Amino acid sequence: MRVFVYCIVLLSVLVGCNQSPKNGASPTNDVNRQVQVKQTAPQKKEIVDSRAVSERLEQIATSIPLVEGAKCVVFGNTAVVGINLPPDMDRSKVGTIKLSVAEALKKDPYGVDAIVTADMDMAARIGKIRDNVVNGKPISGFAEEMAEIIGRIMPQIPREVEPMSPPQSTEPQMPNKQL
């Protein structure tokens with residue numbers, strides 16, 4: 001009887017330790033298992049005609065309510081879009097509209113990775129860069145505006161600052177006379 005109980009326990013242990021799947025499929029190695037997922041997010045297209053892409057992204061941005069105007073600059077495979085909003089608009093509303101523009105641009109294959117700014121000064125500078133590109137001066141116009149942007153961000157380079165010396169008087173000094 002004892003041998004019979006040991007056989008049943010041993011058989012139960014062996015059956016319980018079997019690692020085959022419950023649905024009857026053959027066992028697989030977890031090391032070689034990879035999940036293949038199809039990319040569903042829009043892929044960024046190669047920008048061939050930057051002027052057409054710029055105009056397209058500007059139209060998408062201006063189609064959003066309360067956006068008064070938009071300027072776009074495309075360099076390489078990146079686009080920067082500056083939007084103009086009413087000047088008296090609340091800051092939280094500006095953020096909401098900027099997000100709406102970014103979502104609209106995300107649906108366009110050229111605007112997937114576009115950078116959107118609602119800063120009035122930056123939007124004006126982007127407009128100047130775009131005008132220079134249209135007028136045939138893409139490099140010099142871009143360089144000038146970038147210099148102005150950097151000058152605005154950092155008007156003085158710290159290592160070039162020299163300590164101020166006390167002002168020197170141009171008046172002749174009178175000798176102290178003691179009476």
Check your understanding: Quick one: in region 100-118, which of the residues that are of a type in the set (Asp, Glu) and in contact with a Lys or Arg (Cβ under 9 Å, 6 or more places away or on another chain) is least open to solvent (accessible area, probe 1.4 Å)?
Key -> 108
**Study point:** Residues that are outside any loop (DSSP other than H, G, I, E, B) and open to solvent by 50 Å² or more (accessible area, probe 1.4 Å), drawn from region 53-74
**Key:** 55, 56, 59, 62, 71
Practice item. Can you confirm whether region 37-52 contains a residue that is in contact with an Asp or Glu (Cβ under 7 Å, 6 or more places away or on another chain) and either modelled with pLDDT under 70 or among the polar types (S, T, N, Q) (or both)? Key: yes
Check your understanding: Applying the selection to region 75-94, what residues are at pLDDT 85 or above and either part of a loop (DSSP other than H, G, I, E, B) or open to solvent by less than 40 Å² (accessible area, probe 1.4 Å) (or both)?
Key -> 80, 81, 82, 83, 85, 86, 87, 88, 89, 90, 94
Revision key, fill the gap. Checked against (1) under 21 Å from residue 148 (Cβ atoms); (2) free of Cβ contacts under 8 Å to residues at least 40 places away in the same chain, residue 86 satisfies every condition except (1)
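For residue 133, are the conditions met, namely being surrounded by 15 or more Cβ atoms within 10 Å (Cβ to Cβ) and more than 21 Å from the chain's Cα centre (by Cα)?
Working: surrounded by 15 or more Cβ atoms within 10 Å (Cβ to Cβ): yes; more than 21 Å from the chain's Cα centre (by Cα): yes.
Here the answer is yes, as residue 133 does meet what is asked.
The values are calculated or read from the model by the stated rules, or taken from the named source; none is laboratory data. Given the structure is predicted, the values throughout are model-derived calculations rather than measurements. When we count neighbours, we look across all protein chains shown, and the Cβ atoms used for this are built from the backbone with ideal geometry, even at glycine. Each accessible area value is taken on the protein alone, full model and side chains, heavy atoms only, with ligands, DNA and RNA left out. Shrake-Rupley method; radii C 1.70, N 1.55, O 1.52, S 1.80 Å.
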